[in-house]
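Okay, structure first, notes after.
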C-alpha cells in the first residue's frame, strides 16, 4: 500500500546499525577499547562484505541525514557538559594548541609532499599539507564522553582547540584555493571576510547566547505544554548549527556553542518540578543517532583506495606527520595539563580532510587535478589511520590521568 | 566549507517545527484542546503564509523522513502502553468495530457518490466509498497519549480496530483496483494472497514476538555497552515496521506490534540496575519526531483544493458519511464500553484515504481518470475535516469517561 515509502528501507538500515553498533560496542568494551572503535570497525567490516543491502547503506540519503544529525547531537551533548566560562578559562591554551596544530602539520606535510612527489607543482604540496590541519572532533568527543572524562580541563582544551582549528582550516582552505584559482596570488579581502564571518559568529553566538539562554528557558518553562525543555534546547542547537553554516563554519560548531551556552541552572524551573534535565533527555536521542554516524563512517571507508600504486609510502609519511604534528601541538597546552593527552585528542582527521581532498580533485594546475587518485588514496589512509588509532591511545592516556587525579 | 550539507536546511526547518509546535501546543492546551490540534492548525497557518522558506518545508525530504519516523515512534509508544494479552481481550470487539467501520462507510459513500455524480461510472462511486474506509490512527493515538488514557479498554479497542482496518483497507484496495484494471472482474487469488500475507505477518509478529522479545532483551541486558535497552527496543520497532511493509501493510502496523510484544517485565534486568525504562527512553525521541509529523501534515494541506467548483456539496456529503459510518461502527464495541468514544476515535481519515485517491487518479475507466480534480478535492476536504474535529470531540468524550470511572 505504501510501496514507495522511503522510511521502509531506512527502517531496515537502522535496524542493522542499531544491532551491529551495540554488538560491536560490546566487543570493543570487552577488549577494553572505546565503543566508538567497535562501531567504526564494524562499519568497515560491513562495507567490505559483498552484500547489496549493505552497499546500499552507503548511499541511503535518510541514513546519511541521521548520521549528520548524530554528530550535531554529539557535539551538543559535549557542549552541555561545559560552560562558556569554563571554555574561556582554557581559551589561551586552546588558541596555542590550535595554532601549532595547524601550522606544524601544514609545513611538515608540505615538505613531505615535496620530497616524495618532486615532479608535482607547489600547489599539490601545499594542498596535501592543508588536508592535515583540521581535527575531526567527533571521535575524541565520543571517547571522552564514553569514559566520563568530558569535564576535565584537557577535554575542554581539546574541544576548544578543535573549534578554533575549524576556523583556521576554513581560512586556510580559502587562501589555498583562492591562490590556486588566481594562479598564485592570495586575495587578502576574501580571507578577511571569511575569517570575520566565522569569528563574528562565535563571538555573537556565545555572548548573545549566554544572555538569551536563561531568558528563553524561563519563558519556555511557563508554557502549558509537555516537552518544552527538550524542544527549546534542541531548537537552540539546530538554530545555531544553521547559523554556523550560514557563517561558513561547520554546523557542529554551532551545535557545540548551543551546548556551551545552556547550563543546568537555566532549566531549574523544569527540574525543580520533577522533569528530567536536558542532558538526560538528549541522551536517548543521541543513542539512536550517534552510532549511525560512526557505523556509516566505517561503511563508507573504501579500503581499496590504499592499494593504488604509490599510495603506501606517501600515506605512511602523511600519517607520521599528521600524528607528530598534533602531538607537538599538545605542548601548547602548558605544564598544568597532560600535554600528551591533549595532543592525542587532536590526532583524528575526518570529514574536513576529505572535503579538502575532494575540493582539490576539482581544482586544476597546468591542466591536471591538484589531488589525483594516488594522493586522494593517501589522504584517505591518513584519515582512516588517525581515526582508528585515537580511541585506544586516548583511552589509555585518559585512564592514567583518572588514576593520578 | 560544507555548502551542500543537507543537514543545514533541515536544522532550520526543525527549529521552526520545534518552536512553532510547542507554542501551538501551549495555545491549544490553554484553550482546553489537545496539543496535536494546535500543531495541525499551526502547520496549516504556516502553509498558508506566502513565505518561500515555509513552502520549501513541504518538500524537504529530510523533514518528510523525520515525520515518517515520528508516526512510527508514536505507534511504538502507544503499543508499549499495552500488551498482546490485553489486545486479544478486546480482539472480538475490535474485529466487529473494524468490519462495520469498513462496510458502512464504503456502502454509504458509494450511494452518496452515485446520487451526486450520476453521470460517472460505477468505478468512481466504488472508489470514493473505498477512500472512506481506513482509519488514520495517528491522531487518535496522540490524543489518547496526551490525555493519559492510552490504557483504557476503549483506547485498546480503537487501536486494535484501526490495525484490522488497515488490513481490510488493503484487501479492498486490491479488489477495487484489480476489478477496474481487468474491466470489472475480481481476481480471487490476488485477494487471497494479499490478505494471507497481511494476516500472516500479524500472526507471526505477535506470536513469535511474544516468545522472542523477553529472550532478546535478556541477552541485550548482558551486553557490556550503554544504550543496549534502547537500541534493542528501537531495533525491534524498525525491524517489524520493515517486515510489515514487506507484507504489504503500513509500517506503523509493525511498529505498533513491536510495542505490543515488549512488556516492562522484559527489561527488568535493566531497570533493576537503575537504568530508565524503555517508555521513558523513547519519550524524548518521540518529542523530537512526533510534532514533525503533525506540523508537516498541516503544512501540506492545500486548502485551495476545496474551492474547486462542485467540491463543497460532495465534500459535505462525504464528511457526513465518514463521520456517521464510524460512529455506527462504535456500536460494535458492545455495552461494556463507551461506544460513542470508540466511534469518535475511529473518525480520522488520513494518508490511507489520500493514497487511495492518488491511486485513483492513475486509474482510467473509459479514458477518464477514476478520481479527477473535483473528487480529489472532496476526499481531501473529508480528510481535513475528520482530522480536525476528532481531537476536541475525543477529548470531550474521554474526559467524561475519566470522571465516571
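Just so you know, all these numbers are worked out from the coordinates, no wet-lab data involved. Computed from a predicted model, the values in this text were never measured in an experiment. Cβ atoms come from the backbone with ideal geometry, glycine included; neighbour counts cover every protein chain shown.
A few comments on the model shown:
- In this assembly of identical copies, the label point of residue A:92 (Cα plus 7 Å along Cα-to-Cβ) is separated from its counterparts by 8.2 nm, sorted shortest first.
- Degrees separating the helix B:91-116 axis from the principal Cα axis of chain B, which is the longest one: 30
- As a calculated quantity, the FRET efficiency between residue B:303 and residue A:396 at R0 = 41 Å, using C-beta atoms, amounts to about 0.10.
- Its alpha carbons considered, the range B:110-240 gives a radius of gyration followed by a Dmax of 20.6, 69 Å.
- For residue A:121, the label point sits 7 Å beyond Cα toward Cβ; its separations from the matching points on the remaining copies run 6.8 nm, from shortest to longest.
- Here chain B has an Rg and Dmax of 21.3, 69 Å, counting Cα atoms alone.
- Using the Cβ-Cβ distance between residue A:111 and residue A:151 with R0 = 35 Å, the FRET efficiency computed as 1/(1 + (r/R0)^6) comes to roughly 0.35.
- Relative contact order of the range A:52-199, defined on C-alpha pairs under 8 angstrom at six or more residues apart (%): 25
- Take residue B:191, push a point 7 Å out from Cα through the beta-carbon direction, and compare it with the same point in every other copy: 7.8 nm, smallest first.
- Separation between Cα centres of the range B:191-260 and the range B:312-371, rounded to whole Å: 29
- In this rough spin-label picture, where each label sits 7 Å from Cα along the Cβ direction, the residue A:336-residue A:52 distance is 6.1 nm.
- As computed over the range A:274-400, the Cα convex hull volume per residue (Å³): 161
- In the protein assembly as shown, inverting the average of 1/r over every pair of distinct C-alpha atoms gives 28.3 Å as the Kirkwood radius.
- Net length gained if the chain between residue A:208 and residue A:61 were fully extended (0.36 nm per residue, minus Cα distance): 49.5 nm
- Values of log10 I(q)/I(0) for the range A:234-293 across q = 0.17, 0.22 Å⁻¹ run -0.66, -0.94, by the Debye formula with one identical scatterer at each alpha carbon and no solvent.
- Every Cα-Cα pair of the range B:339-405 was included, and the share exceeding 13 Å stands at 68 percent.
- Translational diffusion of the range A:323-377, µm² s⁻¹ [Kirkwood Rh, Cα pairs; Stokes-Einstein; 25 °C; 0.890 mPa s]: 187
- The average projected area of the range A:9-143, computed from the convex hull of its Cα atoms over all directions, is 11.9 nm².
- Nearest 10 degrees, 0 to 90: helix A:228-246 Cα axis against chain A principal axis: 20
- When each of A:238, B:306, A:201 is scored by the number of other beta-carbon atoms lying within 10 Å, the sequence from fewest to most is B:306, A:201, A:238.
- Helix A:188-221 axis, angle to chain A major axis (alpha carbon atoms, nearest 10°): 20
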